[in-house]
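Before any comments, here is the structure.
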Amino acid sequence: MSKPKDESGPRDPYFIAMQDALTKAGIATPTLVIDRARLNANIDTLMGHLPDGMGYRIVAKSLPSLNLITHIRERSGTDRLMTFNLPMLLALSEAMPEASQLLGKPLPIQAARQYFEDLPADKTEAADHIQWLIDTPERLAQYAELANDQDRILKINLELDVGLHRGGFEPGSTLGETLKAINVNPNLEMAGFMGYEPHIPALPTTLGWRDKALKGAWAIYQEALAQAALVFGGDRIAQLTRNAAGSPTYRYYEDTSLANEISAGSCLVKPTHFDSELLEPHLPASFIATPVIKSLPTTRMPGLEFADGAKRSWDPNYSKTVFIYGGHWLADPVDPPGLAYNSTFGRSSNQEMLNGGPDLSIDPDEFVFFRPHQSEAVFLQFGDIAIYDAGEIVDMWPVFPASA
Ligand SMILES: Cc1ncc(COP(=O)(O)O)c(C=O)c1O
């Protein structure tokens, strides 16, 4: 094993400026920060990539703040949302009753019933714009009963298994029967298909595996559309929602011959799980900022002090220690450079230990910055999101409640 090299060094002026803005705004607790200029650049990158006629659907769970979704809607000009749970479905129905909502996962029937009970009387318009995601004939039967009980037409979107194997229909007789069941039920309206394929970029390119998987996914989708055309007719099929993609794959769609809309959310804030070749043009736009509580010139391990010197001389990155306000998030430290968790000391949600090299220089009350691994759960852990733009914290955006 070769000796680790010292990763510490001068701080990035980008984060120094963000730190100054947080300090000026009087923020001194762990905070989720979004860089608005980078967010806007990411929205423009996404919209700029879409071919003519391709719709964009905002993945609400990955951008879990009404203000954030409103901002993205305004800049992208879309009125399409993908929603994943009952509280979010209700909140978005109340705030944006005119928006189209496609469920990104099938909602248990009881939750769908609850939706109609909780939807305010002056927002029932919202229910007309929902596409309920259906993955099995049994669930379709449940929703048919709900439509009957509510005496209203429910829009149905069928989940396709295009290779992810997370459930949904494959072309074949079950799909055929389901399409017919929708067609003959006056309370159900065929609204479209959803085929999600995030497994593809994770496949190796060797032996053409990735290409094969993508072509396979598209062939399955095409076959399902052909089956639907037999039941509903070609003209009707042309009007259906044909949803595909997510952040990792939206850039595969260069025309509307198959999908006519893509959904994406995470790539607009780019947590580390989205650091992929395809998403290279997107910029990290979300960070956790937290104050340093204690900055110590050496690293001392409780009960193992005799080994501290040897550890430090083998790995210079263990030279210094900071204890931060909070911690144990799904996130990696990014500034100051070279900070790392200490696996021997362990993780802490209260005061987490981070170690750094000899050049680490940070004082109590200065900020350490992290990049979240993902947005959907992490964004909900800090209260209002601080919106950073041109050296200032310009706004605070509340997040959705942390419920599923
Ligand atoms: C059905 C579906 N579509 C799209 C997405 C993409 O979301 P994101 O762009 O945030 O990765 C997801 C994420 O889980 C999903 O479940």
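Nothing in this text is a laboratory measurement; each read-out follows from the coordinates by a stated rule. All values derive from a computational prediction rather than experimental measurement. Because the Cβ atoms are built from the backbone with ideal geometry, glycine has one as well, and the counts that use them run over all protein chains shown.
One table, with the values for the structure above:
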{"read-out": "Degrees between helix 109-118 axis and first principal axis of the chain (Cα, 0 to 90, nearest 10)", "value": "90 degrees"}
{"read-out": "Percent antiparallel among DSSP beta bridges (both partners in the chain, rounded to 5)", "value": "45 percent"}
{"read-out": "Given K180/K215; K105/K155; K212/K270; K61/K270, the pairs whose alpha carbons are separated by over 20 Å", "value": "K180/K215; K212/K270"}
{"read-out": "Cβ-based charge dipole, segment 176-274, positive-most Cα from N183, A228, Y252", "value": "Y252"}
{"read-out": "Virtual spin-label span in nm between L258 and V184, 7 Å along Cα→Cβ", "value": "3.2 nm"}
{"read-out": "Amide H partners (placed H, <5 Å) of K270, local residues excluded", "value": "A285"}
{"read-out": "For L160, residues with placed amide H under 5 Å, excluding near neighbours", "value": "F169, M194, G195, Y196"}
{"read-out": "Sum of -39500 (n - 2.57) over DSSP H runs of 4+, divided by residues of the chain (222 nm, nearest 500)", "value": "-9000 deg cm²/dmol"}
{"read-out": "Ascending count of other beta-carbon atoms within 10 Å, so fewest first, for L240, L268, L107", "value": "L240, L107, L268"}
{"read-out": "At most 15 other Cβ within 10 Å, DSSP loop - trypsin sites (Lys or Arg not before Pro), segment 245-334", "value": "R300"}
{"read-out": "Integer Hz, Karplus 6.51/-1.76/1.60 couplings in order for segment 375-391, x for Gly and Pro", "value": "9, 4, 8, 5, 4, 8, 9, 10, x, 4, 7, 7, 9, 9, 8, 6, x"}
{"read-out": "Charge dipole of the chain about the Cα centre (unit charges at C-beta), most positive-ward option of L278, L102, S403", "value": "L278"}
{"read-out": "Principal-axis tilt of helix 13-24 within the chain, Cα atoms, nearest 10 degrees", "value": "90 degrees"}
{"read-out": "Label-point gap, in nm, between A219 and A390 - each point 7 angstrom along Cα→Cβ", "value": "5.4 nm"}
{"read-out": "Spatial separation of Cα centroids for segment 349-395 and segment 20-70, in angstrom", "value": "17 Å"}
{"read-out": "On Cα atoms only, tilt of 66-76 relative to the major axis of the chain in degrees", "value": "70 degrees"}
{"read-out": "Karplus 3J(HN,Hα) series, Hz, for segment 129-138 with 6.51 cos²θ - 1.76 cosθ + 1.60 (x for Gly, Pro)", "value": "9, 9, 9, 7, 7, 10, 10, 9, x, 5"}
{"read-out": "Charge context of I324, other residues only, Cβ under 12 angstrom, K/R +1, D/E -1", "value": "-1"}
{"read-out": "Potential extension, A25-D332 segment - 0.36 nm per residue separation minus Cα distance", "value": "108.1 nm"}
{"read-out": "Inter-label distance, nm, simple model (7 Å from Cα along the C-beta direction), D12/S343", "value": "2.5 nm"}
{"read-out": "Estimated dipole of the chain in Debye, rounded to 20 [Cβ of Lys and Arg +1, of Asp and Glu -1, Cα centre]", "value": "800 debye"}
{"read-out": "Efficiency of FRET between D118 and H49 - r from beta-carbon atoms, R0 41 angstrom, step 0.05", "value": "0.65"}
{"read-out": "Straight-distance crosslink candidates among lysines, where the alpha carbon sits under 18 Å from K3 and sequence neighbours closer than 8 are dropped", "value": "K311, K320"}
{"read-out": "HN-Hα J in Hz across segment 322-338 - Karplus 6.51, -1.76, 1.60, θ = phi - 60°, x for Gly and Pro", "value": "10, 10, 9, 6, x, x, 6, 8, 7, 6, 10, x, 10, 8, x, x, x"}
{"read-out": "Potential extension, N40-K212 segment - 0.36 nm per residue separation minus Cα distance", "value": "58.5 nm"}
